[in-house]
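Note sheet for the following structure.
The values are calculated or read from the model by the stated rules, or taken from the named source; none is laboratory data. Bear in mind that the values here come from a model prediction, so they are computed numbers and not experimental data. With ideal geometry, Cβ positions are generated from the backbone for all residues, glycine too; neighbour counts draw on all protein chains shown. Ligands, DNA and RNA are excluded from the accessible area calculation, which covers all protein heavy atoms including side chains. Shrake-Rupley method; radii C 1.70, N 1.55, O 1.52, S 1.80 Å.
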Amino acid sequence: MNTPSHSIANAASDFGPQARALRQRRNLTLDRVAELTGLTKGHLSRFERGEKALSVAALLRLAAVLNTSVSSLLGEQVDDDTFRLVRREERKLHHTEVRDGGYGFVTLSRPTENTGLDAFILEMQANAERINEAHHGGEESFYVLDGEVEIRVADKVMILAEGDYLQFPGRLKHVIRGRKDLNRIFIVIAGK
């Protein structure tokens, strides 16, 4: 049986993390939000972790500081900046220099948010190669949109064709080389 306090705790656990994501998108520190709302940093931190509820008055102050509505904080509606939509015609292709592999890439992730998630499209001509042996924390995923690529991960070499998917720990050194005239790969790096 759910008691009212249990329901409130469950609700807090649902929208606390959402409020944290909104605060981070606004580039506000927990200290700054505490200062502007008059709430303690500890209370706000527990709220963001879903461990503590806020009063209606506190929710109103928090919504004002985050330039949103209480409905958005409670997940009843979402602000436009909740989404990152990149239309095909809006994508901007960047190129590396030939000495760095001569490949192109399009960034898809939010440019100003450190979510631990990066997504981009890599475009490579035949025999173009990411020369630097990239490695980082988290996971890396590759999905071949067009063409065929060779991916060397540590001592393994894999050939991926259109529609193939590969995922591995990002800490492993890896090199990517294009095999067809044009090769496009969707890459996601998560949990850096």
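Numbers for the structure displayed
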read-out: Single unsatisfied condition, residue 52 versus (1) under 28 Å from residue 111 (Cβ atoms); (2) among the charged types (D, E, K, R); (3) in contact with a Gly (Cβ under 9 Å, 6 or more places away or on another chain); value: (1)
read-out: Unmet criterion (only one of (1) modelled with pLDDT of 80 or more; (2) touching a Phe, Trp or Tyr at 6+ places or on another chain (Cβ under 6 Å)) for residue 75; value: (1)
read-out: Condition met for residue 30 (in contact with an Asp or Glu (Cβ under 9 Å, 6 or more places away or on another chain), surrounded by fewer than 18 Cβ atoms within 10 Å (Cβ to Cβ) and farther than 13 Å from residue 73 by Cβ); value: yes
read-out: Odd one out for residue 137, checked against (1) within 30 Å of residue 23 (Cβ to Cβ); (2) at pLDDT 85 or above; value: (2)
read-out: Matching residues, segment 151-165, being open to solvent by less than 40 Å² (accessible area, probe 1.4 Å) and at pLDDT below 95; value: 151, 153
read-out: Residue satisfying condition, being touching a Lys or Arg at 6+ places or on another chain (Cβ under 8 Å), among the acidic types (Asp, Glu) and at negative phi, within set 35, 48; value: 48
read-out: Unmet requirement for residue 168, which otherwise passes all of (1) surrounded by fewer than 19 Cβ atoms within 10 Å (Cβ to Cβ); (2) within 16 Å of residue 120 (Cα to Cα); (3) at pLDDT 90 or above; (4) hydrophobic (A, V, I, L, M, F, W, C); value: (2)
read-out: Pair list, Cβ < 6 Å and 6+ apart or interchain, from segment 124-152 residues that are more than 12 Å from residue 96 (Cβ to Cβ) to residues that are modelled with pLDDT of 95 or more and small (Gly, Ala, Ser); value: 148/161
read-out: Residue that is modelled with the highest pLDDT, among those in segment 1-32 that are among the β-branched types (Val, Ile, Thr) and not in a helix (DSSP H, G or I); value: 29
read-out: Search result, residues across segment 33-59 that are among the hydrophobic types (A, V, I, L, M, F, W, C), in a helix (DSSP H, G or I) and surrounded by 15 or more Cβ atoms within 10 Å (Cβ to Cβ); value: 33, 34, 44, 47, 58, 59
read-out: Whichever residue in segment 171-192 is within 19 Å of the chain's Cα centre (by Cα) and assigned to a strand (DSSP E or B) and, among such residues, is surrounded by the most Cβ atoms within 10 Å (Cβ to Cβ); value: 185
